[in-house]
Amino acid sequence: GQQLNQSPQSMFIQEGEDVSMNCTSSSIFNTWLWYKQDPGEGPVLLIALYKAGELTSNGRLTAQFGITRKDSFLNISASIPSDVGIYFCAGQGNSGNTPLVFGKGTRLSVIA
Amino acid sequence: NAGVTQTPKFRVLKTGQSMTLLCAQDMNHEYMYWYRQDPGMGLRLIHYSVGEGTTAKGEVPDGYNVSRLKKQNFLLGLESAAPSQTSVYFCASSPDRFWGAFFGQGTRLTVV
């Protein structure tokens with residue numbers, strides 16, 4: 001089945017630093033989604049991408065749909081303590097009924 | 001503004017017991033999903049439904065059954081719980097285009 005490789009697995013950064021994480025796949029996806037999960041909560045959708053090359057921002061977050069349709073990137077600028085959490089990428093393949101495939105997550109810790 | 005509501009939030013079962021997890025959404029979404037989340041494994045799809053009266057298997061369906069008798073509800077059943085089913089279970093729903101866009105807060109299940 002389709003698998004997503006998300007990296008890094010975890011990261012520790014200083015408050016104010018920029019963050020970058022990415023997701024790669026061995027197969028082509030039509031949709032890339034980025035979620036954030038706070039402790040004890042369900043994942044919350046941050047950004048959705050539908051076209052190859054698309055670059056979309058949501059506040060300090062920017063995500064890109066890779067040209068090859070096999071990867072996606074999420075950047076967070078000027079990190080703050082509330083950015084702490086687990087970030088998941090998710091992708092949907094070619095078939096209309098194909099469920100989302102999730103990466104294993106990037107655990108972000110922000111040091112004040 | 002309920003969104004996706006999961007019941008119960010916590011449960012401890014003994015091996016061999018059965019239980020049903022309830023998911024209710026008030027957004028009139030066609031698609032509903034059950035995921036399990038284990039440390040380091042991301043979110044894995046158990047079963048999903050593309051409409052009332054329909055169900056389909058996901059990545060890890062063994063040991064679980066589901067029913068979607070009403071559009072707003074999606075039930076996940078464990079007929080004979082096993083310790084390997086100790087996990088956090090998330091329900092999600094989506095309108096046509098987004099997959100898994102809205103998640104519930106999760107049910108933490110421990111099987112002893």
Practice prompt. Could you tell me which residue of the stretch B:35-70 is modelled with the lowest pLDDT, considering only residues that are among the small types (Gly, Ala, Ser) and not in a strand (DSSP E or B)?
Written response: B:Gly40
Response to the item:
Exactly one of B:Val4, B:Val60 is closer than 24 Å to A:Gly105 by Cβ, touching a Cys at 6+ places or on another chain (Cβ under 9 Å) and surrounded by 13 or more Cβ atoms within 10 Å (Cβ to Cβ), and that one is B:Val4
Practice prompt. List the strands (runs of 3 or more DSSP E) that sit entirely inside the stretch A:52-106 and contain at least 2 residues that are in contact with a Phe, Trp or Tyr (Cβ under 6 Å, 6 or more places away or on another chain).
Written response: A:61-65, A:71-76, A:85-92
Worksheet item: Which residues, taken from the stretch B:14-32, are surrounded by fewer than 19 Cβ atoms within 10 Å (Cβ to Cβ) and away from every other protein chain (no Cβ under 12 Å)?
Response: B:Lys14, B:Thr15, B:Gly16, B:Gln17, B:Ser18, B:Met19, B:Thr20, B:Leu22, B:Asp26, B:Met27, B:Asn28
Fill in: Selection within the stretch B:33-53 - surrounded by fewer than 20 Cβ atoms within 10 Å (Cβ to Cβ), free of Cβ contacts under 8 Å to residues at least 40 places away in the same chain and more than 7 Å from chain A (Cβ to nearest Cβ)
B:Pro39, B:Arg44, B:Gly51, B:Glu52, B:Gly53
Worksheet entry | Residue match in the stretch B:73-91 (condition: over 11 Å from B:Gln6 (Cβ atoms), part of a strand (DSSP E or B) and hydroxyl-bearing (Ser, Thr, Tyr)) | yes
Fill in: Residues located in the stretch B:92-112, provided they are within 16 Å of B:His47 (Cβ to Cβ) and either hydrophobic (A, V, I, L, M, F, W, C) or in a strand (DSSP E or B) (or both)
B:Ala92, B:Ser93, B:Ser94, B:Trp99, B:Phe103, B:Thr107, B:Leu109
Worksheet, complete the sentence: Over the stretch B:55-83, the set of residues free of Cβ contacts under 8 Å to residues at least 24 places away in the same chain and of a type in the set (S, T, N, Q) is B:Thr55, B:Asn65, B:Ser67
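Has the stretch A:15-35 got at least one residue that is without any contact (Cβ under 8 Å) to a residue 40 or more places away in the chain, crowded, with 19+ Cβ neighbours inside 10 Å and under 28 Å from B:Thr7 (Cα atoms)?
Among the residues of the stretch A:15-35, not one is without any contact (Cβ under 8 Å) to a residue 40 or more places away in the chain, crowded, with 19+ Cβ neighbours inside 10 Å and under 28 Å from B:Thr7 (Cα atoms), which makes the answer no.
Yes or no, residue by residue, for (1) more than 22 Å from A:Lys70 (Cα to Cα); (2) within 14 Å of chain B (Cβ to nearest Cβ); (3) part of a strand (DSSP E or B):
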site: A:Phe12; (1), (2), (3): yes, no, yes
site: A:Glu17; (1), (2), (3): yes, no, no
site: A:Ser20; (1), (2), (3): no, no, yes
site: A:Cys23; (1), (2), (3): no, yes, yes
site: A:Ile28; (1), (2), (3): no, no, no
site: A:Trp32; (1), (2), (3): no, yes, yes
Fill in: Lone qualifier among A:Ala78, A:Ala52 - being under 16 Å from A:Trp32 (Cα atoms), more than 11 Å from chain B (Cβ to nearest Cβ) and surrounded by fewer than 22 Cβ atoms within 10 Å (Cβ to Cβ)
A:Ala52
Item to complete: Please give the number of the condition A:Pro39 fails out of (1) surrounded by 14 or more Cβ atoms within 10 Å (Cβ to Cβ); (2) within 12 Å of chain B (Cβ to nearest Cβ).
Response: (1)
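The values are calculated or read from the model by the stated rules, or taken from the named source; none is laboratory data. In this text the structure is predicted, and so the values were computed from the model without any measurement. FYI the Cβ positions are ideal-geometry reconstructions off the backbone, even for glycines, and counts take in every protein chain you see.
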